[in-house]
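Some notes on the structure that comes next.
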């Protein structure tokens with residue numbers, strides 16, 4: 001059976017979220033907004049097969065496919081076999097990315113010992129309790145409270161939900177942030193992020209995004225947006241601010257969390273991508289959990305080589321990563 005993958009578009013929100021929102025997967029990869037706004041970079045596609053949502057995307061300069069953990073109810077062993085056939089047709093072993101401990105447990109129950117798991121620390125998601133980000137209680141958050149209080153004493157402000165009318169101002173702030181932070185070293189990464197942000201803001205309602213902004217003296221000086229990842233976890237995808245205002249990042253973080261519906265017990269603030277400053281900032285909010293994400297490669301032996309030179313997917317994976 002050949003899987004009929006097709007590109008992810010705005011029109012696919014309802015069918016994709018009908019699988020992701022009821023699930024227990026909390027990783028940011030399952031946000032529909034992320035799938036859609038980053039599709040230009042990964043050529044992300046999806047299919048509904050045998051009761052599962054399955055997603056594939058291109059990596060390594062689009063030279064090969066990787067897959068996400070299938071989401072749904074059905075025969076997982078059969079679903080993995082179909083993905084393995086699809087990968088094989090494109091000349092590669094099956095590679096699943098973003099495999100969290102709960103997904104790994106499901107894979108092992110269905111196919112014990114058939115995958116090798118390689119942790120990718122730079123892509124671990126930072127999961128926080130919503131109440132921690134809102135209340136900032138205790139000594140460990142004293143510095144955050146101080147920053148926020150200093151801002152409030154210095155500047156009158158208003159928190160506003162992002163609406164289509166505010167999008168041009170948010171784009172203007174993002175443009176200023178981009179120019180202020182652009183370096184030759186990270187030009188490509190920031191350009192990719194800018195393209196994703198622009199797409200998301202211009203399709204805000206269609207993507208199902210929720211956002212908030214800090215307005216000071218009739219000007220947007222910070223904004224943040226995201227969407228639910230599942231039934232109890234909200235993903236914060238973007239946070240931008242004018243750093244000339246001391247404490248502004250701490251303020252938008254707290255205000256945005258405070259304005260989210262209380263059903264979202266957990267807030268996923270995504271990965272640090274191995275960037276030292278970003279890692280330090282995310283750790284400074286004392287995450288409830290670092291959500292481990294692994295690359296999982298299917299163990300199959302290449303049979304046509306002599307026994308003494310046979311290479312398994314473990315060898316191939318070591319070369320790929």
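The values are calculated or read from the model by the stated rules, or taken from the named source; none is laboratory data. Not measured: the values here are computed from a predicted model. Note that each Cβ is placed from the backbone with ideal geometry, even for glycine, and that neighbours are counted across all protein chains shown.
Given the condition under 30 Å from residue 71 (Cα atoms), in contact (Cβ under 8 Å) with a residue 60 or more places away in the chain and assigned by TED's automatic domain parsing to the domain that holds residue 218, answer yes or no: does some residue in the range 132-153 qualify?
Looking only at the range 132-153, we keep the residues that are under 30 Å from residue 71 (Cα atoms), and these are 132-133.
Still in the running and in contact (Cβ under 8 Å) with a residue 60 or more places away in the chain: 132-133.
Filter once more, so that each one left must be assigned by TED's automatic domain parsing to the domain that holds residue 218: 132-133.
Yes, the range 132-153 has at least one match.
Close Cβ contacts (under 8 Å, 6 or more residues apart or on different chains) running from residues in the range 177-202 that are on the phi < 0 side of the Ramachandran plot to residues that are loosely packed, with under 13 Cβ neighbours inside 10 Å and part of a helix (DSSP H, G or I) comprise 190/181; 195/40; 196/40; 199/40. Comparison of 246, 255 shows that the only residue that is in a loop (DSSP other than H, G, I, E, B) and under 18 Å from residue 136 (Cα atoms) is 246.
When 57, 30, 40 are checked against the criterion of being outside the structural domain of residue 206 (by TED's automatic domain parsing) and surrounded by fewer than 19 Cβ atoms within 10 Å (Cβ to Cβ), a single residue qualifies: 40. Condition check for residue 62 on (1) modelled with pLDDT under 95; (2) crowded, with 16+ Cβ neighbours inside 10 Å: one failure, at (2). For the range 282-289, does any single residue satisfy the condition of being assigned to a strand (DSSP E or B) and at pLDDT below 95? No, every residue in the range 282-289 fails to be assigned to a strand (DSSP E or B) and at pLDDT below 95. Scanning the range 137-171 for residues that are assigned to a loop (DSSP other than H, G, I, E, B) and touching a strand residue (DSSP E or B) at 6+ places or on another chain (Cβ under 6 Å), which turns out farthest from residue 259 (Cα to Cα)? Only one residue tops the list, namely 155.
For the subset of the range 36-61 comprising residues that are in contact with a helix residue (DSSP H, G or I) (Cβ under 8 Å, 6 or more places away or on another chain) and assigned to a loop (DSSP other than H, G, I, E, B), which member is farthest from residue 226 (Cα to Cα)? Break it down into steps so the answer makes sense when it comes.
Kept after step one, since they are in contact with a helix residue (DSSP H, G or I) (Cβ under 8 Å, 6 or more places away or on another chain), are these residues of the range 36-61: 36-38, 40-41, 44, 46, 48-50, 52-60.
Of the ones still in play, those that are also assigned to a loop (DSSP other than H, G, I, E, B) are 38, 44, 50, 60.
Details: 38: 14, 44: 19, 50: 30, 60: 27 Å.
Looking at residues that are in contact with a helix residue (DSSP H, G or I) (Cβ under 8 Å, 6 or more places away or on another chain) and assigned to a loop (DSSP other than H, G, I, E, B), I get 50.
For the range 89-100, the condition of being out of contact with any helix residue (DSSP H, G or I) (no Cβ under 9 Å at 6 or more places or on another chain), loosely packed, with under 12 Cβ neighbours inside 10 Å and under 27 Å from residue 275 (Cα atoms) holds for none of the residues.
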